[in-house]
Amino acid sequence: MLNKKSGKLLSLYWFAIITLTAGGVFVMVYLFYGAPYDVREIESHILMNQVADCVSYLGRINPDLISGGVVSSNSENFLESCHLNFSSIEWEREQFYAEVTFYQLADLDNSFFEIKKGNSDFVSECNIQGKEKYNNLVQCREGSFYSVDELNNQYIIKILTAVRKTEKNVK
Amino acid sequence: MLNKKAQIGHTLTWVLATIIIIFVLLIFIFASAGLSKIKFIGVGELKSGLNEESSILEEKTNIAYELNNANKEIIKEAIK
């Protein structure tokens, strides 16, 4: 009689342990796979490459931006002409920022022409991000290259891109 | 009396086993929580052409040198 009772108790104990272990495995899987992958660094890199491709192709600056040493009037439609769309129905605020600064080689201290598109609030966060990496802030990328216009005038082009989308990339 | 002692020993073994199981589970749960915080895919982890730091910009500069390579040293310094 006693043996039967203890056998029942042991079965109950095993059931509790198996449930506990299954619950633990569920929590582990939920915690690990529930967290999103942070791919914003790659996104900002791709954005910078896309902007660079639009600004200069085969070594020459896009004539819609600078033509014959003069800033073109078409530069206002930079995003449209580069096939970029920073606004999305998913987000209330814009989640991207792109800044392109042109410097003439003769005057590298003062910018010749600037294009700033997207959410400019991110610039300050990019400055903080430079010293130490904070996941909750925007991910930024900076790069510069050399290009010439139609008249072979020389320019240094600096590009800054930033991607926020924190809610979708960081838990 | 002897039977009671054996029963106590038996129970203690199971209690200890339960504590160890819970402890191991908790360690794994905390480890997976910690690992979930570092789920990051950077440019370096990609096997595509993106993995070379700013290689497209370097390529663009080199192509532009073919068109006009005057003041190369100043340009190199400026884009560093």
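In region A:54-63, which residues are crowded, with 16+ Cβ neighbours inside 10 Å and of a type in the set (A, V, I, L, M)?
Matches in region A:54-63: A:VAL55, A:ILE61.
A:VAL25 is checked against (1) outside the structural domain of A:SER120 (by TED's automatic domain parsing); (2) of a type in the set (A, V, I, L, M, F, W, C); (3) more than 30 Å from A:ASN135 (Cα to Cα) and fails just one. What number does that condition carry?
(3) is the only condition that A:VAL25 fails.
Out of A:SER75, A:SER44, report the one residue that is modelled with pLDDT of 90 or more and either part of a helix (DSSP H, G or I) or out of contact with any strand residue (DSSP E or B) (no Cβ under 9 Å at 6 or more places or on another chain) (or both).
Just a single option satisfies the conditions, and that option is A:SER44.
If we scan region A:30-43, do we find a residue that is aliphatic (A, V, I, L, M), farther than 30 Å from B:ILE29 by Cα, assigned by TED's automatic domain parsing to the domain that holds A:VAL163 and surrounded by 12 or more Cβ atoms within 10 Å (Cβ to Cβ)?
The answer is no; no qualifying residue exists.
Tell me, which residue of region A:83-140 that is among the β-branched types (Val, Ile, Thr) and more than 18 Å from A:SER72 (Cβ to Cβ) is surrounded by the most Cβ atoms within 10 Å (Cβ to Cβ)?
A:VAL138
Residues that are within 17 Å of A:VAL163 (Cα to Cα), touching a residue at least 12 places away in the same chain (Cβ under 8 Å) and surrounded by fewer than 15 Cβ atoms within 10 Å (Cβ to Cβ): does region A:64-74 have at least one?
Within region A:64-74 (the criterion being within 17 Å of A:VAL163 (Cα to Cα), touching a residue at least 12 places away in the same chain (Cβ under 8 Å) and surrounded by fewer than 15 Cβ atoms within 10 Å (Cβ to Cβ)), the answer is no, since none of the residues qualifies.
Between a residue in region A:38-59 that is touching a residue at least 24 places away in the same chain (Cβ under 8 Å) and within 7 Å of chain B (Cβ to nearest Cβ) and any residue that is buried (at least 21 other Cβ atoms within 10 Å of the Cβ) and of a type in the set (Ser, Thr, Tyr), which pairs come within a Cβ distance under 7 Å, given they are 6 or more apart or on different chains?
A:SER56/A:SER147; A:GLY59/A:SER147
Of a type in the set (D, E, K, R), modelled with pLDDT of 90 or more and over 19 Å from A:ARG141 (Cβ atoms): is that true of A:ARG93 in this structure?
no
Can you find a residue in region A:79-86 that is closer than 20 Å to A:LYS168 by Cα, outside any helix (DSSP H, G or I), without any contact (Cβ under 8 Å) to a residue 12 or more places away in the chain and assigned by TED's automatic domain parsing to the domain that holds A:VAL138?
yes
Out of B:LEU57, B:LEU50, B:LEU35, B:LEU25, which single residue is in a helix (DSSP H, G or I), within 7 Å of chain A (Cβ to nearest Cβ), at pLDDT below 85 and surrounded by 12 or more Cβ atoms within 10 Å (Cβ to Cβ)?
Unique residue meeting the criteria: B:LEU50.
Output the residues belonging to region B:1-22 that are closer than 20 Å to A:TRP14 by Cβ and at pLDDT 85 or above.
Correct list: B:GLY9, B:LEU12, B:THR13, B:TRP14, B:VAL15, B:LEU16, B:ALA17, B:THR18, B:ILE19, B:ILE20, B:ILE21, B:ILE22.
Considering only region A:97-171, give the strands (runs of 3 or more DSSP E) lying wholly within it that have at least 2 residues that are touching a Lys or Arg at 6+ places or on another chain (Cβ under 7 Å) and within 12 Å of chain B (Cβ to nearest Cβ).
Fully inside region A:97-171 and qualifying: A:139-148.
The values are calculated or read from the model by the stated rules, or taken from the named source; none is laboratory data. All values derive from a computational prediction rather than experimental measurement. Virtual Cβ from ideal backbone geometry, glycine too; neighbours counted across all protein chains shown.
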